[in-house]
1. How about the stretch 70-88: which of its residues are buried (at least 18 other Cβ atoms within 10 Å of the Cβ) and in a strand (DSSP E or B)?
2. Among the residues of the stretch 92-102, count how many are under 19 Å from PHE54 (Cβ atoms) and either modelled with pLDDT of 95 or more or not in a strand (DSSP E or B) (or both).
3. List pairs: first residue in the stretch 126-137 and closer than 14 Å to GLU32 by Cα and hydroxyl-bearing (Ser, Thr, Tyr), second residue at pLDDT below 95 and assigned to a strand (DSSP E or B) anywhere in the structure, Cβ distance under 6 angstrom, at least six positions apart or on different chains.
4. With the requirement that a residue be surrounded by 13 or more Cβ atoms within 10 Å (Cβ to Cβ) and either among the charged types (D, E, K, R) or over 19 Å from the mean Cα position of the chain (by Cα) (or both), what does the stretch 28-69 give you?
5. Restricting to the stretch 105-147, count the residues that are among the hydrophobic types (A, V, I, L, M, F, W, C), out of contact with any Pro (no Cβ under 8 Å at 6 or more places or on another chain), surrounded by fewer than 18 Cβ atoms within 10 Å (Cβ to Cβ) and assigned to a strand (DSSP E or B).
Amino acid sequence: MNLKKFIINLFITLFAFSSIADENKLNNQNTELSFYSGMFDFSDDGKKSTLIGFEHQNENLNRDTFLGNLSPITGALITADNAGYFYTGVEAQYKIGSINFTPSFTPGLYHEGDGKDLGHVIEFKSELQFSLDLSGDSQLGFSYNHISNASLGDKNPGANSYMFNFFKNF
């Protein structure tokens, strides 16, 4: 199955699953899953590639701080060129009506595969994400991130990516 068909099937499955969510779970939700797809390193014509990924957040671990509501997140992405990034870090959550703004910072491990050489196995992802509440348990969003090794390697080309996100609380 090619990547485009996989992404289409993934989103059809997610929307079907969200439509049959048990209403009793709405009051006891403590886990949020995000599935996303987009373009890895869109600013590099030679190495840009489609990507898919997921992210997990356990709302039981949220903490209110002077910076806002902070939460640990963990996720992974893979590109059509078999590059992969596994990460864990923290995100802040700010709500403006039905719009959510969630900046995050996540160190992680990068594997080049047949994709772009980012210069080091340790990379850092800074992300800005906006999402819109669809219902009590799902959201649609858009995010932009930059992955860089902070000059840990001999080279540090970085990668700029954008993604479309679907969030589901369980």
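1. SER71, ILE73, GLY75, LEU77, ILE78, THR79, GLY84, TYR85, TYR87
2. 1
3. SER131/ASN100; SER131/GLN139
4. GLN29, GLU32, ASP41, ASP44, LYS47, LYS48, GLU55, GLU59, GLY68
5. 7
The values are calculated or read from the model by the stated rules, or taken from the named source; none is laboratory data. As the structure is a prediction and not an experimental result, all values here were calculated from the model. Neighbour counts run over all protein chains shown; Cβ positions are idealised from the backbone, glycine included.
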